[in-house]
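Q: Provided herewith is a single structure, encoded as structure tokens, for subsequent inquiry.
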Amino acid sequence: MSQKKKILLIGIAGGLAQMTARLILTEHPDWEIIGIDSRDVSNVPVLNNLTPINLKYSRGNFENLFRTHHFDVVYHLGRISHSSNEHNVLAKRIDLSVMGTNRILELCERSGVKKVVILSTFHVYGALPDNSIFLKEDAPLRASIRHPELRDVIEMDQICTNWMWKNQNSISTVVLRPCNIIGTQIQNAMTKFLSGPVALSPIDYNPFFQFIHEFDMAHILYRALESLPTGTYNVAGSDFISLRDALNEVGTKGIPFPMVLAGGLNSALKKLNIEVPEYLLDYLKFSCLISNKELEKHLGPKFLRFSIKEALELIKLR
Amino acid sequence: MLKLGESFLLSIEDEIKINQIFAELKEKYKDYKDPWGFNLELCEKTLKKIVPFYRSYFKVRVFGAENVKDQSYIVTSNHTGQLPLDAILITIAFLLDVAPPRVLRAMVERFMAQLPFIGDFAAQTGSILGDRANCAYLIEHGESILVFPEGVRGISKNTPDYYKLRSFSEGFYRIALQKKTPILPVCVIGAEEMFPFVFHSKRLARLLKVPALPLTANLFPLPSPIDIYIGKEIPIPAHLEHEASDKEIKENVFHIENTIKRMLIHGLKHRRPFFDTVRKPISKFVIKEFRNKGDR
């Protein structure tokens with residue numbers, strides 16, 4: 001039986017973090033989770049041994065947290081998402097995602113944390129026309145070639161991986177780069193895109209996608225605790241689906257649209273304060289498929305419960 | 001006129017043959033899902049539209065089909081013409097004239113992969129981005145790939161350079177070594193004359209950010225008769241590793257280059273008289289040059 005653990009879960013207001021917490025506490029009811037978030041935590045489900053705390057992400061607050069509790073495990077699921085490219089927002093994102101992560105890692109090192117699990121994203125590779133098939137974890141992180149505003153995503157990933165190797169003898173660190181996570185409890189751009197009543201359906205491109213259901217992602221986050229050794233892992237199933245087929249599968253009405261005009265349309269929408277991050281438009285043009293071989297080595301060939309089609313079926317319940 | 005029009009309709013024999021080929025291919029690929037979107041239904045429809053041109057317009061003849069076995073190859077060809085029509089014709093030849101029919105996955109330029117409509121259509125009809133990881137993936141799945149080691153330099157030649165092979169790049173040979181896949185040399189004769197008078201403005205191409213910009217007198221390819229020669233497979237030396245030195249790789253690549261050069265000389269000698277005014281001076285010029293230089 002595993003030893004009792006105290007876990008810090010950063011980003012508890014998110015659906016994925018809540019599912020992960022529930023999984024951990026179902027398997028280990030005596031473990032204790034402190035869930036923090038700078039967002040409102042009043043909607044976090046009440047679970048035995050889960051303490052949600054609303055906390056401003058500042059150096060002082062984190063230092064206080066690490067002084068008060070002795071954490072064995074830290075889950076960092078608190079990356080700021082890309083809602084806008086405005087300069088001030090970008091600066092805030094860099095401060096929170098990059099500088100904030102750096103501070104958390106420093107505190108982990110100082111306070112004797114044994115395991116750190118970090119949620120990065122496959123967006124670090126970028127949707128580029130010359131992407132190879134099934135990018136491995138050692139592929140260059142090229143997202144910022146076309147979109148410099150993605151700098152923080154790549155920097156955060158690189159800070160974590162550098163820190164991971166530096167401290168590999170004392171702390172086991174796992175950096176996960178999942179493909180598109182979809183589900184009814186998650187609020188990301190891809191889930192919103194697919195589950196809306198209508199969606200742009202490119203007529204001039206038809207890229208391929210990998211999707212993972214939020215439950216499977218939570219399960220992998222949980223298994224990262226004991227089944228994954230230090231390293232970076234892409235997270236995706238072996239299956240893939242084209243955008244048009246995905247829209248058909250979900251039943252979302254696709255509005256045929258030439259992506260060559262998407263940039264112009266987005267600029268026009270920006271004036272109305274409706275903006276889709278430009279880097280996401282690239283994902284509607286070019287594929288970015290990732291290899292899951294490294295994860296498969298440790299979790300076995302069938303580590304996902306839901307196939308792509310099932311995952312897409314399930315977001316219809318939204 | 002009616003006869004001319006009829007010759008560009010799909011013959012009943014070809015329709016039956018294509019139906020049989022695709023029934024066989026659909027069975028073969030029933031469990032394979034392609035991450036680039038290779039679409040057999042679209043290929044079948046497109047082939048039925050193109051085959052009349054293959055037969056009656058370009059009057060394609062295929063030699064050496066018996067050299068193709070039912071296995072994976074890296075099919076290596078000279079690159080001619082100003083548009084990659086030679087790739088389309090070779091692909092059709094491997095479907096129609098080779099038994100059992102083989103789908104060739106042609107490598108395309110990075111530039112093409114990002115074009116709206118064209119990139120998607122090329123992917124659905126079997127083309128993929130020319131990238132080592134992509135080639136390796138396909139070979140692991142039993143596919144054959146079509147490479148033009150001259151790259152874009154092969155199709156961006158000015159008229160006086162027709163049928164002069166550009167030096168081959170070596171990447172394809174490293175993949176062949178890594179995957180222990182034999183090379184199948186192929187030579188295409190006749191595609192250069194589809195656009196007989198060409199000028200390439202490198203400066204303009206750079207300005208427009210395109211890999212090549214041929215300026216031709218005719219926008220539509222002329223009906224130059226095409227001969228496709230399929231050579232005997234060139235095995236991969238067992239002792240050579242894919243991380244071998246450039247020198248060792250180059251020796252083998254030169255051998256492939258020379259094999260295709262010899263096939264070119266043979267093909268130019270035996271080609272059909274169709275465009276005499278263009279063909280003769282070019283053929284004489286090329287043969288004379290090869291004789292003078294001799295094989296490397």
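The values are calculated or read from the model by the stated rules, or taken from the named source; none is laboratory data. Just so you know, these numbers come straight off a predicted model, no measurement behind them. Note: ideal-geometry Cβ built from the backbone for every residue, glycine included; neighbour counts use all protein chains shown. These area figures cover heavy atoms from the full protein model, side chains too; ligands, DNA and RNA do not enter into them. Shrake-Rupley method; radii C 1.70, N 1.55, O 1.52, S 1.80 Å.
Q: Find the eigenvalues of the gyration tensor of the Cα atoms of region B:51-95, then list the square roots of 5 times those eigenvalues as equivalent ellipsoid semi-axes, largest first, in whole angstrom.
A: 20, 14, 9
Q: Let me ask something else about it. List the residues whose amide H sits under 5 Å from the amide H of B:Ser144, counting only those 5 or more places along or on another chain, with H placed 1.01 Å from N in the peptide plane.
A: B:Tyr73, B:Arg105
Q: Taking the solvent-accessible surface of protein heavy atoms with a 1.4 Å probe, what is the per residue accessible area of chain B in Å²?
A: Per-residue value: 48 Å².
Q: Still on this structure, please answer the following. Give the distance, in whole Å, between the Cα centre of region A:259-318 and the Cα centre of region A:208-255.
A: Using only Cα atoms to place each centre, the spacing works out to 9 Å.
Q: Jot down the radius of gyration and Dmax of region A:3-122, Cα atoms only, both in angstrom.
A: 14.2, 46
Q: Quick one: which residues, 5 or more positions from A:Tyr75 or on another chain, have an amide H under 5 Å from its amide H? H modelled 1.01 Å from N in the peptide plane, none for Pro or chain starts.
A: Residues meeting the amide H criterion: A:Leu8, A:Leu9, A:Ile10, A:Val117.
Q: Right, something else. Using only the alpha-carbon atoms, how far is helix A:15-27 inclined from the longest principal axis of chain A? Give it as 0 to 90 degrees, nearest 10.
A: Long axis of A:15-27 versus the principal axis of chain A: about 40 degrees.
Q: How about A:Lys271: which lysines have a C-alpha closer than 25 Å to its C-alpha, ignoring those fewer than 8 places off in the same chain?
A: Partners within reach: A:Lys92, A:Lys192, A:Lys285.
Q: Return one quarter of the surface area of the convex hull spanned by the alpha-carbon atoms of chain B, equal to its mean projected area, in nm².
A: 16.2
Q: Let me ask another. Checking buried surface per residue: for region A:96-140, which residues lose a minimum of 50 Å² accessible area in the protein assembly relative to the chain alone (1.4 Å probe)?
A: Residues of region A:96-140 that lose at least 50 Å² of accessible area once the other chains are added: A:Pro129, A:Asp130, A:Ile133.
Q: Of all DSSP beta bridges located in chain A, what percent are antiparallel, nearest 5? Mind showing how you got there, number by number?
A: Working: 2 of 39 bridges.
Antiparallel bridges make up about 5 percent of those DSSP assigns within chain A.
Q: Chains B and A: what accessible area do they bury, summed, in square angstrom to the nearest 100, with a 1.4 Å probe?
A: Interface between B and A: roughly 1400 Å².
Q: Then there's this: Report, for the protein assembly as shown, the % of DSSP beta bridges that are antiparallel, rounded to 5.
A: Roughly 15 percent of the beta bridges in the protein assembly as shown run antiparallel, per DSSP.
Q: Here's a follow-up. Where Lys and Arg each count +1 and Asp and Glu each count -1, what net charge lies around A:Phe62 among other residues with Cβ under 15 Å from its Cβ?
A: 0
Q: Non-local amide H neighbours of A:Leu200 (under 5 Å, H modeled in plane, Pro and chain starts lacking H): which ones?
A: Distant-sequence amide H within range of A:Leu200: A:Ile255.
Q: Additional query: Once you order the gyration tensor axes a ≥ b ≥ c over the Cα atoms, which shape class does region A:66-176 get: rounded for a/c under 1.5, otherwise prolate or oblate by comparing a/b with b/c?
A: Because a/c hits 1.5 or more and a/b fails to exceed b/c, region A:66-176 counts as oblate.
Q: Apply the Karplus curve 6.51 cos²θ - 1.76 cosθ + 1.60, θ = phi - 60°, to the phi angles in region A:48-56 and return the couplings in whole Hz, x for Gly and Pro.
A: Once rounded to whole Hz, the list reads 4, 6, 10, 10, x, 10, 7, 8, 6.
Q: With all protein chains present, calculate the accessible area of B:His266 using a 1.4 Å probe and round the result to the nearest 10 Å².
A: About 90 Å², ignoring ligands and nucleic acids.
Q: Cross-link list B:Lys33/B:Lys250; A:Lys309/B:Lys28; B:Lys48/B:Lys164; A:Lys4/A:Lys316: which exceed 28 angstrom alpha carbon to alpha carbon?
A: Those over the limit are B:Lys33/B:Lys250; B:Lys48/B:Lys164; A:Lys4/A:Lys316.
Q: Output the residues of region B:97-119 meeting this criterion: accessible area (heavy atoms, 1.4 Å probe) in the chain alone minus accessible area with all protein chains in place is 50 Å² or greater.
A: Buried on complex formation: B:Gln114, B:Pro116, B:Phe117.
Q: Give me a comma-separated list of calculated 3J(HN,Hα) values for region B:214-231, in order, Karplus coefficients 6.51, -1.76, 1.60 applied at θ = phi - 60°, integers in Hz, x for any Gly or Pro.
A: Coupling constants for region B:214-231: x, 9, 10, 6, 10, 7, 9, x, 6, x, 6, x, 10, 10, 10, 9, 10, x Hz.
Q: Find out how many positive minus negative residues lie around A:Ile203, taking Lys and Arg as positive, Asp and Glu as negative, among other residues whose Cβ is under 10 Å from that of A:Ile203. Don't skip to the end; give the middle numbers.
A: Details: positive: A:Arg244; negative: A:Asp204, B:Asp120.
Within the 10 Å Cβ shell, the charges total -1.
Q: Given the protein assembly as shown reduced to its alpha-carbon atoms as identical point scatterers, what log10 I(q)/I(0) does the Debye formula return at q = 0.12 Å⁻¹?
A: Each listed q corresponds, in turn, to -1.21.
Q: Reachable aspartates and glutamates from B:Lys247, Cα under 13 Å, same-chain residues fewer than 8 places away excluded?
A: List returned: B:Glu170.
Q: In whole percent, how big is the carbon plus sulfur part of the accessible area of the protein assembly as shown, probe 1.4 Å, protein atoms only?
A: Of the solvent-accessible surface of the protein assembly as shown, carbon and sulfur hold 56 percent.
Q: Per residue, how much accessible area does region A:42-201 show when a 1.4 Å probe rolls over the protein heavy atoms, in square angstrom?
A: For region A:42-201, the solvent-accessible area averages 45 Å² per residue.
Q: Quick one: in region B:27-131, what % of C-alpha pairs are over 19 Å apart? Show your work: numbers first, answer last.
A: Working: 2536 of 5460 pairs.
In whole percent, the share of Cα-Cα pairs in region B:27-131 beyond 19 Å is 46.
Q: Between beta-carbons, use under 12 Å as the cut-off and find the net charge around A:Ser238, counting Lys and Arg +1, Asp and Glu -1. Could the numbers behind the result be given before it?
A: Numbers: positive: A:Lys293, A:Lys302, B:Lys33; negative: A:Asp239, A:Glu296.
The answer is +1.
Q: Let me cross-check B:Lys288: its accessible surface, 1.4 Å probe, with only protein heavy atoms counted, in Å² to the nearest 10?
A: The accessible area comes out at roughly 130 Å².
Q: Output ³J(HN,Hα) for region A:299-306: one whole-Hz value per residue in order, computed from phi by the Karplus curve 6.51 cos²θ - 1.76 cosθ + 1.60 with θ = phi - 60°, and x for Gly and Pro.
A: Each residue of region A:299-306 in turn: 9, x, x, 10, 9, 10, 7, 10 Hz.
Q: Rounded to the nearest 5, what % of the DSSP beta bridges within chain B are antiparallel ones? Before the final figure, lay out the partial values.
A: Numbers: 8 of 23 bridges.
Close to 35 percent.
Q: Sticking with this one: Do the alpha carbons of any pairs in B:Lys30/B:Lys69; B:Lys17/B:Lys69; A:Lys5/A:Lys297 sit beyond 24 Å of each other, and which pairs?
A: From B:Lys30/B:Lys69; B:Lys17/B:Lys69; A:Lys5/A:Lys297, over 24 Å: A:Lys5/A:Lys297.
Q: Right, here's the next one. Run the Debye formula on the Cα coordinates of region A:139-204, all scatterers equal and no solvent, and tell me log10 I(q)/I(0) at q = 0.15, 0.26, 0.28 1/Å.
A: Scattering profile of region A:139-204, log10 relative to I(0): -0.74, -1.11, -1.14.
Q: How long is chain A along each principal axis, judged by its Cα atoms, biggest number first, in Å?
A: Rounded to whole Å, the extents work out to 55, 43, 38 Å.
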